[in-house]
There are 2 protein chains.
Amino acid sequence: MPITIADVAARAKVSKTTVSRVLNGKGELDESTAARVRAVIDELGYVPSARAVNLARGRTRVVGMLVPSLTWPWMGEVLQGAVDVLEAEEYGLLLFTCNRGDDSMRQFGAQVAAKSFDGLLVIEPEGTLDYITTLHSRGLPMVLIDDRDQLSGGQIPTIGTTNHSGAADAARHLLAIGRHKPLVITGPARFGCTVQRTDGFSSVYAEAGHPISDAHVMTGDFTVACGADGVKQAIALGLEFDAVFCHNDLSAFGVVQAIQDSGRRVPDDVAVVGFDDIPMAAHHQPPLSTVHQPMREMGEAAARTLLAHFDGTPVPNRQTIIPATFTVRASTQA
Amino acid sequence: MPITIADVAARAKVSKTTVSRVLNGKGELDESTAARVRAVIDELGYVPSARAVNLARGRTRVVGMLVPSLTWPWMGEVLQGAVDVLEAEEYGLLLFTCNRGDDSMRQFGAQVAAKSFDGLLVIEPEGTLDYITTLHSRGLPMVLIDDRDQLSGGQIPTIGTTNHSGAADAARHLLAIGRHKPLVITGPARFGCTVQRTDGFSSVYAEAGHPISDAHVMTGDFTVACGADGVKQAIALGLEFDAVFCHNDLSAFGVVQAIQDSGRRVPDDVAVVGFDDIPMAAHHQPPLSTVHQPMREMGEAAARTLLAHFDGTPVPNRQTIIPATFTVRASTQA
DNA sequence: CTGAAAGCGCTTACAG
DNA sequence: CTGAAAGCGCTTACAG
C-alpha cells in the first residue's frame with residue numbers, strides 16, 4: 001500500500017538508482033529524466049521512508065536531549081531554543097528525562113546503545129556526569145548545557161553563562177541604590193554556579209568597602225521555601241539587612257513573601273534580586289529584578305554547535321559562554 | 001567496528017535467526033543454545049541497531065508530539081506526564097512545535113509522510129484542526145489533548161477536562177464565602193473552554209439568585225495584561241465587584257496586581273480565582289485559589305491511550321475526561 | 001548520463 | 001529445535 005522508490009522507478013521507467021539521485025540531487029542527470037521522475041514523485045505523493053533512509057545512510061537525523069526534569073520553570077525556554085534550531089535544519093528532537101530515576105537512565109542508555117539518535121544535547125542530571133563523560137569518550141557527539149557551571153572536566157563541548165559577572169552586576173546595582181547590608185540566599189553549596197554567584201557578588205561588596213559577613217550568607221536549595229526560611233531566620237537572629245540577593249527566582253519569591261509578612265516593604269525597606277529571569281519574574285508582585293540567564297539562546301547555541309559538529313566543523317574550543325544580563329524591575333526600585 | 005547480529009551469530013556458532021529468536025524471545029529454543037547466545041551477547045555488549053530493527057519491523061517505537069509552544073506555563077507538566085509513560089514502555093518521544101509558523105508545520109508534515117513515528121500526541125496549534133483531522137483519517141494513530149474543549153468533530157480520540165464543572169465549583173466557592181458580585185475575565189471567545197467556563201460559572205450564580213450582568217463579563221486573552229486591564233476598566237466604569245473569576249492563572253496575576261494598585265485588598269475586598277493551577281499559582285502573592293487542570297494526568301492518559309491503541313486495544317469511546325478540581329488558597333480566604 | 005547489484009542490520013515466513 | 005533465504009526500502013560503489 002505505501003508507495004516506495006520502486007513504484008516511482010517503475011512508473012518513471014528508470015532505475016531506483018536514478019530516482020535516488022533526483023531525490024538527493026547527486027550525480028549528473030539528464031534534465032528531462034529528472035523532470036519526469038519529479039513529476040511521478042509529485043503525482044504519487046511519494047516521500048522516502050525515514051526508516052529505510054536511516055538504515056541505508058547509517059544516521060537518523062535525530063538529536064537526543066537529556067534533561068533532569070521538564071517542569072523546571074526555565075526548561076521550556078531551553079527546549080524551545082533547541083527545537084527551533086533543529087527543526088529548521090530538518091532534525092528531530094528525541095526527549096529523555098530522569099524523572100523515574102535509575103530506570104529512566106537505563107532506558108536512556110539502551111537508546112544510546114541502539115544508536116537511536118546521532119548526537120546528544122544534555123543538561124546534566126545530578127550525579128550522571130561520569131556516565132555522560134563515558135558516553136562522550138566512546139564517541140557519542142554531544143554538547144552540554146551547563147546550567148550549574150560545573151566545568152565538566154573540559155572534554156565535552158559546553159554552553160555556559162556568566163554566573164560570576166552576573167552576580168557582580170547585581171551587587172553593583174544594589175550598591176548603586178545605596179544598599180550596603182545584603183543578605184544572600186544561595187543555591188546548594190555543591191554546585192559550581194553557587195560558588196560563582198556567591199563569589200561574584202561578595203567580591204564587589206568587599207571591594208566597595210562593605211564586606212559581607214558569613215552570617216549574612218545562607219545556604220538555600222533553589223526552592224521558594226528556602227527563601228522564606230532564610231529571611232525568617234535572619235530576622236530571628238536579629239541580622240540587619242536592606243537587600244537580599246537570591247541565587248534563583250523561586251527563592252526570591254519566597255523572600256519577598258517573608259519580608260512582607262514581617263511587615264517590611266519591598267523595595268523600600270528591603271530590595272530583592274533573583275537569578276534566572278524565569279517567565280514569571282516580570283509578572284511577580286512586585287516585578288522581580290533579576291539576573292537574566294539566556295536559556296533560550298543557550299538551547300539554540302547547543303543545537304547549532306552539535307549540528308556544526310555533524311557537518312565536520314570542529315567544535316569550538318571547549319566552553320561557549322553566553323553572558324547573563326542584569327534586569328532592573330520594581331523589586332529594587334521604588 | 002560496531003558489532004552486529006552476524007558477529008554474535010558467528011561467535012556463538014548459530015545462525016542470525018537463532019540470535020534474533022533469543023533477542024525477541026520467540027519460538028522454542030534449546031535452553032543451552034539460548035544460554036550460550038546470551039553469554040556471547042553479554043560478552044560483546046551487543047545491542048541491536050534501532051535503525052535496522054525499525055526497518056525490518058516496519059515501526060519505530062517512537063511517538064511524535066506536536067504542541068503549539070514549549071514555553072506555556074503548564075506545558076512542562078503535560079510533557080512530563082507523556083514522557084514518563086512512554087519511557088516506561090520503552091518508547092521515545094519526538095517533539096514538534098509550531099514556533100516557526102508555517103515552516104514548522106511543513107517540517108512536521110514531512111516527518112509524518114516519512115513515517116518517522118508510529119503515532120502522535122497533539123495539543124492542537126490553533127488553526128490546524130483540519131490538517132490534524134486529515135492526518136488522522138489517513139490512518140495516523142493519534143490522541144488529542146484538548147486543552148481548549150473544542151469537540152474535534154468526534155473522530156479523534158481525545159483527552160479533556162471538566163471546564164464547565166470546574167468553573168461551577170469556583171462559583172460555589174465564591175458564593176459560599178459571600179461574594180455576590182463577581183467580575184469575570186474570560187479567554188478568547190472562539191475557544192470552547194471559554195464558553196464552558198463562562199457558562200458553568202454564570203449558571204451557578206444565576207441559580208443562586210445572583211445573575212451576572214453582561215457588563216461584568218470581560219473578554220480577555222489569557223495574558224497577565226488582560227487581567228490588569230479588565231480590572232482597571234471595571235473600576236473606570238464604576239462597576240461594583242467583590243470577586244474576580246479569571247479563565248487562567250496568568251490573567252489572575254494581572255488582576256491581583258491591578259486590584260492592589262487600586263488600593264483594595266485581596267481577598268478582603270476582592271477575592272480572586274484563577275484557572276489552570278500552574279506551578280506558580282501556589283507561590284504567588286497571595287497564593288492563588290484556582291481550578292486545577294490535571295495537565296500531567298492528561299499527558300499520561302494520552303500516552304497510555306495511544307500505546308493501548310498500538311496493542312490493538314480499541315480506543316475508548318471518544319473523549320476521556322479527567323476532572324478539574326477547585327483548589328482553595330489565600331486569594332479567596334483571609 | 002544510467003543501471004545492476006551489493007549492502008545497511010535486522011525479522012520472518014518457510015523448510016527441515 | 002535450527003537455519004538458509006528473502007525482504008524491509010533505501011544508498012552507494014562499480015560498470016558501462
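List the lysines whose Cα lies under 20 Å from the Cα of A:K181, skipping any in the same chain that are fewer than 8 positions away. Qualifying lysines at Cα under 20 Å: A:K232.
Only bridges whose two residues both fall in chain A count here: according to DSSP, what percent of them are antiparallel, nearest 5? Walk me through the numbers on the way to the answer.
Numbers: 3 of 35 bridges.
Approximately 10 percent, going by the DSSP bridge assignments.
Enter the angle in degrees (range 0 to 90, nearest 10) between the Cα long axis of helix B:31-44 and the first principal axis of the Cα atoms of chain B, meaning the one along which they spread out most. Tilt of helix B:31-44: around 70 degrees. Projecting 7 Å from Cα along the Cα-to-Cβ direction, the label point of B:T325 sits 4.3 nm from its equivalents in the other copies, listed shortest first. Structure remark: mean-square fluctuation, Gaussian network model of chain B, C-alpha springs under 10 Å; the largest value among B:V273, B:V37, B:V62 belongs to B:V37. Bridge orientation summary for the protein assembly as shown: considering DSSP beta bridges with both residues in this region, about 10 percent are antiparallel.
Put simply, the amide H of B:V244, placed in the peptide plane, has neighbours under 5 Å in B:L183, B:A271, B:V272, B:V273, leaving out anything fewer than 5 places away on its chain. Computed from the Cβ-Cβ distance with R0 of 60 Å, the FRET efficiency linking B:V195 to A:A10 stands at 0.65. Here the Gaussian network model covers chain A, with springs between Cα atoms less than 10 Å apart; of A:T313, A:T97, A:T223, A:T313 fluctuates the most. Taking amide H as placed 1.01 Å from N in the peptide plane, B:Q285 has its amide H under 5 Å from the amide H of A:Q285, each at least 5 places away in sequence or on another chain. The Cα-based radius of gyration and maximum Cα-Cα distance (Dmax) for the protein assembly as shown are 28.3, 89 Å. Checking every one of the trypsin sites (Lys or Arg not before Pro) in segment A:128-188 against DSSP loop status and a limit of 15 other Cβ atoms within 10 Å picks out A:R138. Sorted shortest first, the distances from the A:G27 label point to those of the same residue in the other copies are 3.7 nm; each point sits 7 Å from Cα along Cα-to-Cβ.
Between B:D42 and B:Q155, what is 0.36 nm times their sequence separation minus the Cα-Cα distance? Round to one decimal in nm.
Values: separation 113, 0.36 × 113 = 40.68 nm, distance 4.72 nm.
This chain segment gains 36.0 nm when fully extended.
Calculate log10 I(q)/I(0) of segment A:16-126 for q = 0.11 Å⁻¹, where I(q) comes from the Debye formula with a single equal point scatterer on each Cα and nothing for solvent. Taken in order of the listed q values, log10 I(q)/I(0) reads -0.53. How many square angstrom of accessible surface are buried between A and B, both sides summed, with a 1.4 Å probe and rounding to 100? Chains A and B together bury approximately 4400 Å².
Within the straight-line cut-off of under 17 Å between alpha carbons, the lysines reachable from A:K16 are A:K26, sequence neighbours fewer than 8 places apart in one chain being disregarded.
The three principal axes of the Cα atoms in segment A:5-48 give end-to-end lengths of 24, 18, 15 Å, sorted in falling order.
Taking only the C-alpha atoms, wrap a convex hull around segment B:145-201 and report its volume per residue in Å³ as a whole number.
On the way: hull volume 4.1 nm³, N = 57.
Here the figure is 72 Å³ per residue.
Taken one residue at a time, the phi angles of segment B:296-303 give Karplus couplings (6.51, -1.76, 1.60, θ = phi - 60°) of 5, 4, 5, x, 5, 4, 4, 5 Hz. Gly and Pro are set to x. On a straight-distance basis, which aspartates and glutamates could pair with A:K13 in a cross-link, Cα separation under 20 angstrom, same-chain partners fewer than 8 positions away excluded? Counting by Cα, and skipping residues close in sequence, A:K13 has these aspartates and glutamates nearby: A:E28, A:D30, A:E31, A:D42, A:E43. Take segment A:163-293 with all the other protein chains still there, run a 1.4 Å probe, and you get 36 Å² of accessible area per residue. Inter-copy label distances at A:T134, 7 Å along the Cα→beta-carbon direction, one decimal in nm, shortest first? With the label placed 7 Å along Cα→Cβ, A:T134 yields 4.8 nm. The local environment of A:V40, defined by Cβ-Cβ distances under 12 Å, has a net charge of +1 under the rule Lys, Arg +1 and Asp, Glu -1.
To the nearest 0.05, how large is the calculated FRET efficiency for A:E207 and A:K181 if R₀ is 22 Å and r is the Cβ-Cβ distance?
Details: r = 16 Å, r/R0 = 0.74.
The pair A:E207/A:K181 has a calculated efficiency of 0.85.
For chain B, the 222 nm mean residue ellipticity estimated from helices alone, with every DSSP H stretch of n ≥ 4 adding -39500 (n - 2.57) and the total spread over all residues, rounds to -13500 deg cm²/dmol. If you line up the long axis of helix B:163-176 against the longest principal axis of chain B, both from Cα atoms, how many degrees apart are they, to the nearest 10? Long axis of B:163-176 versus the principal axis of chain B: about 40 degrees. Among the GluC sites (Glu not before Pro) in segment B:17-47, those located in a DSSP loop and surrounded by at most 12 other Cβ atoms within 10 Å of their own Cβ are B:E28. Calculated on the Cα set of chain A, radius of gyration then Dmax: 26.0, 89 Å.
Farthest towards the positive end of the charge dipole of the protein assembly as shown, among the residues A:L144, B:M280, A:V78, is the Cα of A:L144, using unit charges on the Cβ of Lys, Arg, Asp and Glu. Each other residue within a Cβ distance under 14 Å of A:V14 adds +1 if Lys or Arg and -1 if Asp or Glu, for a net charge of +3. Residue-wise HN-Hα couplings along segment B:79-85, as the Karplus relation 6.51 cos²θ - 1.76 cosθ + 1.60 with θ = phi - 60° gives them from phi, are 4, 4, x, 5, 4, 4, 5 Hz; Gly and Pro carry x. Comparing A:P287, A:P314, A:P279 in a Gaussian network model of chain A (Cα springs below 10 Å), the most mobile by mean-square fluctuation is A:P314. Based on the Kirkwood approach, the hydrodynamic radius assigned to segment B:158-296 is 14.5 Å, with every pair of different Cα atoms included.
From the alpha carbon centroid of segment B:286-334 to that of segment B:86-111 is 22 Å. Neighbouring Cβ atoms from other chains, within 10 Å of the Cβ of residues in B:114-122, number 3 on average. What's the percent breakdown of Cα-Cα distances in segment A:273-331 across 5 Å bins, shortest bin first? Taking all Cα pairs of segment A:273-331, the binned fractions are 4, 18, 21, 15, 12, 10, 9, 7, 3, 1 percent. Cα-based values for segment A:179-221, radius of gyration first and Dmax second, are 10.1, 29 Å. Against the main long axis of the alpha-carbon atoms of chain B, helix B:102-113 sits at an angle near 40°.
Local charge for B:K232 was computed over the other residues whose Cβ lies under 13 Å away, with Lys and Arg +1 and Asp and Glu -1, and equals -1.
Quick one: with all protein chains in place, what share of the accessible area of the protein assembly as shown is carbon or sulfur, to the nearest percent (1.4 Å probe)? Whole-percent figure for carbon plus sulfur exposure: 51. A straight line joining the Cα centroids of segment A:236-274 and segment A:136-195 runs 22 Å. Rounded to the nearest 20, the Cβ-based charge dipole of chain A about its Cα centre (Lys and Arg +1, Asp and Glu -1) stands at 1060 debye.
The values are calculated or read from the model by the stated rules, or taken from the named source; none is laboratory data. Because the structure is a prediction, the values reported are computed rather than measured. Neighbour counts are summed over all protein chains in view; Cβ atoms, including those assigned to glycine, are modelled from backbone coordinates with ideal geometry. In case anyone asks, the SASA skips ligands and DNA or RNA and just uses the protein heavy atoms, side chains included. Shrake-Rupley method; radii C 1.70, N 1.55, O 1.52, S 1.80 Å.
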